[in-house]
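What follows is a short report on a single structure.
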Amino acid sequence: MVNYSPEHLNLTFAALADPTRRRILEELSTGDRCVTDLAKPHAMSLPAVSKHLKVLESAGLISRTKDGRTHSLKLEPEPMRQAQQWIEHYRRFWEESFDRLDDYLTKLQSKDQPE
């Protein structure tokens, strides 16, 4: 298994836990946006959206560039790739475990069948 920093995974999953932050990431998946453009579709104040953006930045899911007074945000997919790889590792683990359990139960069932 690839080694992951538990702190980074925790930050990623915590950031992804909020539906507003997931919507922001969806919007950024189509291209870079400025803060005000990201705030428009959300029924909240600009400072509230900025708090969500700070969480996403802390998790490394977005990066910010500043051009004068305009802050442009960009999606940074690497933390999500790492989270997906971590999930994939455990998906395979559980599928293999369930396959072994299925094999075991099938063997037990065949022993119980009269010949």
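Observations on the model:
- Check on His71, closer than 30 Å to Arg21 by Cβ, in contact (Cβ under 8 Å) with a residue 24 or more places away in the chain and in contact with a helix residue (DSSP H, G or I) (Cβ under 9 Å, 6 or more places away or on another chain): yes
- For the range 1-27, the set of residues classified as of a type in the set (D, E, K, R) and farther than 19 Å from Glu78 by Cβ consists of Asp18, Arg23, listed by residue number.
- Of the set (1) under 15 Å from the mean Cα position of the chain (by Cα); (2) of a type outside the set (Phe, Trp, Tyr); (3) in a helix (DSSP H, G or I); (4) closer than 20 Å to Arg23 by Cα, all apply to Gly60 but (3).
- Residue match in the range 9-27 (condition: touching a Gly at 6+ places or on another chain (Cβ under 8 Å) and part of a helix (DSSP H, G or I)): yes
- Residues being outside any strand (DSSP E or B), surrounded by 12 or more Cβ atoms within 10 Å (Cβ to Cβ) and of a type in the set (Lys, Arg) - total across the range 64-115: 0
- Within the range 52-76, the set of residues being modelled with pLDDT of 95 or more and farther than 14 Å from Gly31 by Cβ comprises His52, Leu53, Lys54, Val55, Leu56, Glu57, Ser58, Ala59, Gly60, Leu61, Arg64.
- Scanning the range 29-82 for residues that are touching a His at 6+ places or on another chain (Cβ under 6 Å) and of a type in the set (D, E, K, R) yields one hit, Arg64.
- Scanning the range 10-51 for residues that are without any contact (Cβ under 8 Å) to a residue 24 or more places away in the chain and among the basic types (Lys, Arg) yields Arg22, Arg23, Lys40, Lys51.
- Residues located in the range 28-48, provided they are closer than 17 Å to Pro79 by Cα and surrounded by 13 or more Cβ atoms within 10 Å (Cβ to Cβ): Leu28
- So Tyr4, is it surrounded by fewer than 17 Cβ atoms within 10 Å (Cβ to Cβ), at pLDDT below 95, part of a helix (DSSP H, G or I) and of a type in the set (Phe, Trp, Tyr): no
The values are calculated or read from the model by the stated rules, or taken from the named source; none is laboratory data. Fair warning: this is a prediction, and the values are worked out from it, not measured in the lab. Positions of Cβ are generated from backbone atoms using ideal geometry, with glycine treated the same way; all protein chains shown enter the neighbour counts.
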